[in-house]
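See structure below.
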Amino acid sequence: MSPDMGRLRAMPDEHLHTKAEALKILRDADRSVRALVERLPQRAFTKAGIGGGEWSPKELVAHMAFWESNALEAIEAWEHGDSAPVDITLRAQSLTVVNRDGLIRMSKGSSTQVKERAADVHDRLLGRIRPMPTRRWNTPPTPRGSRPLGLRIGSILGGPGGPFTHVNAHLGDLQAFVDLHG
């Protein structure tokens, strides 16, 4: 399941995680994905069977990296007082189109390149969040914003479980695929 535009605006559980909680959720989810992917034979990494049978693990990793790159781009835009690019894109296009185009962009290259790109995006995202002052985390990203920056980042990376849980929403499908093919 992917985040939908409504969750990017307001999630059912709008609990503002502390920065430490958010970092732990993101690190733990990433470790889980990496551990599962490592159990797969190389040929299975590009085999369809996830997300209703449409995606390969490679595409799933690319999809998750795409949403982390959206969060990273949002942080960079907010630092300049600009709107998050993902917000602008979602106002102009459907979530389906945004997901499809992001998947195409992020899944280009070899399996190794996709894994490295995903790891790089993840590390850069954590590297931007980690030094962020608590005060900044708890205030809106721009003067015209109303929700805290931490919650905005969490909604971009959100899933059915709330802020920062997008990757967790995919772990069950990945686990089932690995159990079948690993």
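The values are calculated or read from the model by the stated rules, or taken from the named source; none is laboratory data. Just so it is clear, the model here is predicted, and its values are computed rather than measured. Every residue, glycine among them, receives a Cβ derived from its backbone with ideal geometry; neighbour counts consider all protein chains shown. What goes into the accessible areas is simple: the full protein's heavy atoms, side chains included, and nothing from ligands, DNA or RNA. Shrake-Rupley method; radii C 1.70, N 1.55, O 1.52, S 1.80 Å.
Starting from residues that are open to solvent by less than 50 Å² (accessible area, probe 1.4 Å) and over 17 Å from the mean Cα position of the chain (by Cα), keep the ones in the range 80-97 and report whichever is nearest to residue 131 (Cα to Cα).
Among those residues, the one meeting the criterion is 81.
With open to solvent by less than 80 Å² (accessible area, probe 1.4 Å) and touching a residue at least 40 places away in the same chain (Cβ under 8 Å) as the only criterion, which of 77, 22 stands out?
Values: 77 fails: touching a residue at least 40 places away in the same chain (Cβ under 8 Å).
Just a single option satisfies the conditions, and that option is 22.
For every residue, the table says whether it meets (1) touching a Gly at 6+ places or on another chain (Cβ under 8 Å); (2) farther than 18 Å from residue 33 by Cβ; (3) small (Gly, Ala, Ser).
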residue: 77; (1), (2), (3): no, yes, yes
residue: 82; (1), (2), (3): no, yes, no
residue: 91; (1), (2), (3): no, yes, no
residue: 103; (1), (2), (3): no, no, no
residue: 106; (1), (2), (3): no, no, no
residue: 112; (1), (2), (3): no, no, no
residue: 115; (1), (2), (3): no, no, no
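Given the residues 145, 158, which is the only one that is closer than 17 Å to residue 74 by Cβ, within 13 Å of the chain's Cα centre (by Cα) and open to solvent by less than 70 Å² (accessible area, probe 1.4 Å)? Before you say what the answer is, go through the steps one by one.
Values: 145 fails: within 13 Å of the chain's Cα centre (by Cα).
Going through 145, 158 in turn, just one is closer than 17 Å to residue 74 by Cβ, within 13 Å of the chain's Cα centre (by Cα) and open to solvent by less than 70 Å² (accessible area, probe 1.4 Å): 158.
Could you go through the range 43-66 and let me know if any residue there is of a type outside the set (Phe, Trp, Tyr), in a loop (DSSP other than H, G, I, E, B), open to solvent by 10 Å² or more (accessible area, probe 1.4 Å) and touching a Phe, Trp or Tyr at 6+ places or on another chain (Cβ under 8 Å).
Initially, the range 43-66 is screened for residues of a type outside the set (Phe, Trp, Tyr), giving 43-44, 46-54, 56-65.
Next, only the ones that are in a loop (DSSP other than H, G, I, E, B) stay: 47-49, 51-54, 56.
Add one more test, that the residue is open to solvent by 10 Å² or more (accessible area, probe 1.4 Å), and what stays is 47-49, 51-54.
Subset that is touching a Phe, Trp or Tyr at 6+ places or on another chain (Cβ under 8 Å): 48-49.
Yes; the residues of the range 43-66 include at least one that is of a type outside the set (Phe, Trp, Tyr), in a loop (DSSP other than H, G, I, E, B), open to solvent by 10 Å² or more (accessible area, probe 1.4 Å) and touching a Phe, Trp or Tyr at 6+ places or on another chain (Cβ under 8 Å).
Is it fair to say residue 178 is among the β-branched types (Val, Ile, Thr), modelled with pLDDT of 95 or more and farther than 21 Å from residue 21 by Cα?
yes
Can residue 101 be described as open to solvent by 40 Å² or more (accessible area, probe 1.4 Å), more than 21 Å from residue 128 (Cα to Cα) and among the acidic types (Asp, Glu)?
Yes: the conditions hold for residue 101.
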